[in-house]
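Scroll down for the structure; my scribbles are underneath it.
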Amino acid sequence: MENHSYKSVSELRALREDAGHAGEIVAALFDAGTFVETGAYVKRGSELLETKDAGEFEGVVTGYGAIAGRLVFAFIQDAERCLGAVTAAHADKICALYDFAAKSRAPVIGVLSSSGAVVLEGVDVLAGYGRIMRKSASLHGVIPQIALVDGVCSGLSAAFCSMFDFVVANERDARLYIAPPSIMKAKFNAADAGTVKPQAPAAAAVDMFGADTLDAVARVRALLAFLPSSRSDGTVYTVSEDDPSRSCHINVTSDNYDMQQVVASIADRGVFLELQADTAPEMLTGFITFNGRVTALVANQPAVKDGMLTAGASRKAAKLVRFTADYGIPLLTLVDCGGFEFAPQSEFAPYTSELALLASAYADNRNAKVTVTLGRSYGASFTLLGSKALGADIAFALDSAKISVMPPETAVEFVFDAQIKASDDPDVARAKLLSGWNSVLSSPVAAARNGEIDDIITSEDLRRRTAAAFEMLAFKSGV
């Protein structure tokens, strides 16, 4: 024991007050003066593990405080303390924090930046990872969990990161990977190995990017404002001075308009918190408010890839639909889909699996759901994107919408092929048949007559009618 140098309480308190980078994150994340640290003096117990870099504290700060007046728990791995290295004691601090959050029904924010596990702890530290992951899994769908990747997040930590509901990354410093970059570069010459920039493959695991630590923290705070504290709370209500009955001024007559403009027109004050903006941009997902009520949004983006329902788009939409189901958040789906992605790489099982998961997510979601068909909704995309058959409470279509069992051009060729070939002028015959199909069989009237569309509305009435539908559904039980 003679090699162990004990410090007095005053000395340890002075070291704690020198919080460094973790202190900067705490100051930016929590309301001023509200953060209370927990397990501050917890430290690994074996002298075998003591090194010159061990320090006096574990490489993680845990505690609670207020964010915009709401109770939130957080753990912050600190690369300036023991390189943020994970030990069994480190894991126990995080597990204890999850226990507090479970009792208080309050969100958890995890700031991930660690050099990895302390190898000398062997199986103990691996078990510690397992305990953390089990705690997180047990609270899935009970309290929101947000991860902020602020440095190295590798191996088991990377897997743990993906268990969170949402992931925010510091684009400048974040490194998210399973295999070390040195191995990936040597074996596959992967130039972006380990980075989490929007263009890197790891970007698919990230919901929002910040330019640096403080920007990433600001995005965490912005995201949290749209989330309830727990499943039992239901969606968040805010005060809005935006008239829910105001007219919209949008143009959806082309096949490649920007859906962002539509969203800005219907949302309170035009505010849209977009998620996974750099992943499968042919699909938009995120949060808006209607008359102050937080509402999740899933929408095709015709300006990118014709708004096709790709495997990535399906996965992206399903993730948000599942989250809204857990927390009682209303869901708006805006449909203008160019169809499926027809390509050799899309003909494998993962594509069909993603489509199946999307259908299951909608079918299992018993919260308030409103779907509006703005433009094209052909074939399977009509069914998969929030149809009444999959559980939508209200389905509207704009008067310019096109709803059909298949794209009109394909349908005319399929049904009238012999008639077109037998005509004196096939081009004229095809054009005439296509015009008739568009005006009758692709009209939203046919779907409305069958009860799959509740009403046909104008684009000017899009916000008013949608907001009114959600008001009517405000007390719908998701049980």
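Among strands (runs of 3 or more DSSP E) entirely within region 19-81, having at least 3 residues that are modelled with pLDDT of 75 or more and aliphatic (A, V, I, L, M) singles out 60-67, 70-77. If you go through region 279-288 and keep only what is more than 11 Å from the chain's Cα centre (by Cα) and either crowded, with 24+ Cβ neighbours inside 10 Å or under 13 Å from Leu223 (Cα atoms) (or both), you end up with Met283, Ile288. In the set (1) part of a helix (DSSP H, G or I); (2) in contact with a Phe, Trp or Tyr (Cβ under 9 Å, 6 or more places away or on another chain); (3) of a type in the set (Lys, Arg); (4) at pLDDT below 85, Arg13 fails one condition alone, (2). In region 67-74, is there at least one residue being surrounded by fewer than 23 Cβ atoms within 10 Å (Cβ to Cβ) and among the small types (Gly, Ala, Ser)? Yes - at least one qualifying residue is present in region 67-74. Taking Thr238, is it touching a strand residue (DSSP E or B) at 6+ places or on another chain (Cβ under 8 Å) and outside the structural domain of Leu297 (by TED's automatic domain parsing)? Here the answer is no, as Thr238 does not meet what is asked.
Listed conditions (1) assigned to a loop (DSSP other than H, G, I, E, B); (2) crowded, with 17+ Cβ neighbours inside 10 Å; (3) at pLDDT 95 or above are all met by Leu97, apart from (1). Taken together, the residues in region 361-386 that are touching a residue at least 40 places away in the same chain (Cβ under 8 Å) and either farther than 22 Å from Ile329 by Cα or hydroxyl-bearing (Ser, Thr, Tyr) (or both) amount to 11. Entry remark, region 102-115: residues being of a type in the set (A, V, I, L, M, F, W, C) and surrounded by fewer than 24 Cβ atoms within 10 Å (Cβ to Cβ) number 2 in total. Are any of the residues in region 140-155 more than 29 Å from Ala225 (Cα to Cα) and either in the same structural domain as Leu29 (by TED's automatic domain parsing) or in a strand (DSSP E or B) (or both)? Looking for residues that are more than 29 Å from Ala225 (Cα to Cα) and either in the same structural domain as Leu29 (by TED's automatic domain parsing) or in a strand (DSSP E or B) (or both), one finds at least one in region 140-155, hence yes. Only one of the listed residues (Phe342, Phe272) is in contact with a Leu (Cβ under 8 Å, 6 or more places away or on another chain) and either surrounded by fewer than 22 Cβ atoms within 10 Å (Cβ to Cβ) or free of Cβ contacts under 8 Å to residues at least 12 places away in the same chain (or both). That residue is Phe272.
The values are calculated or read from the model by the stated rules, or taken from the named source; none is laboratory data. Only a predicted model underlies this, so the values are computations on that prediction, with no experimental measurement involved. Positions of Cβ are generated from backbone atoms using ideal geometry, with glycine treated the same way; all protein chains shown enter the neighbour counts.
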